[in-house]
């Protein structure tokens, strides 16, 4: 993997040199269009905006939106679940209230308003049954929790700055998943002096 990364870096550097052959410089133009990072957040054109779909009118304010497959905040890419399941799994603060614990959910839609505001429409991961014993509660340095495999039928409107991080989800059987909020893992690892 490291060798591939190094070769890609060398190719990128070589394509930017003045003595690079003209036909390869034309390839660089195509590479830049295909792989540039900023393409995820390019502003939608006026033709991309349309009426709010019927199933979303109860959540989205306004009359027109553009629906996107992806959106990035800094170097973090968020996707709707139909585009990339892993990038759709987010831990968020409901209503932006950071005094409450973050809730795991899956981004179903990414909507952009005509004023370029972006919102995510998220279905919450349903909690495990109250009588079910969560074996992960006793391990504070492994902050995983047990949830059901189902998502809520309702959509939460979530602003990008209400998101704490992505989370990992692992199905342990047909009905239950283990949820691990990745920012908690990062905090635990950085607090340990193992390196």
Residues satisfying the stated conditions in the range 143-168, i.e. surrounded by 12 or more Cβ atoms within 10 Å (Cβ to Cβ) and free of Cβ contacts under 8 Å to residues at least 60 places away in the same chain: 143, 144, 145, 146, 147, 148, 149, 150, 151, 152
Tell me whether the range 119-131 contains one or more residues that are modelled with pLDDT under 95, assigned to a strand (DSSP E or B), closer than 21 Å to residue 71 by Cα and touching a strand residue (DSSP E or B) at 6+ places or on another chain (Cβ under 8 Å). no
Going by the structure shown, is residue 108 out of contact with any helix residue (DSSP H, G or I) (no Cβ under 9 Å at 6 or more places or on another chain), modelled with pLDDT of 95 or more, part of a strand (DSSP E or B) and crowded, with 18+ Cβ neighbours inside 10 Å? no
Failed condition for residue 49, given (1) under 17 Å from residue 158 (Cα atoms); (2) touching a residue at least 40 places away in the same chain (Cβ under 8 Å); (3) surrounded by 15 or more Cβ atoms within 10 Å (Cβ to Cβ), with all others met? (1)
Cβ contacts < 6 Å: first residue on the phi > 0 side of the Ramachandran plot, restricted to the range 88-117; second residue surrounded by 15 or more Cβ atoms within 10 Å (Cβ to Cβ), any location; separation 6+ or different chain. Result? 96/162
Collect the residues in the range 83-105 that are assigned to a helix (DSSP H, G or I) and in contact with a helix residue (DSSP H, G or I) (Cβ under 9 Å, 6 or more places away or on another chain), keeping them in residue-number order. 94, 95, 96
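The values are calculated or read from the model by the stated rules, or taken from the named source; none is laboratory data. Just so you know, these numbers come straight off a predicted model, no measurement behind them. With ideal geometry, Cβ positions are generated from the backbone for all residues, glycine too; neighbour counts draw on all protein chains shown.
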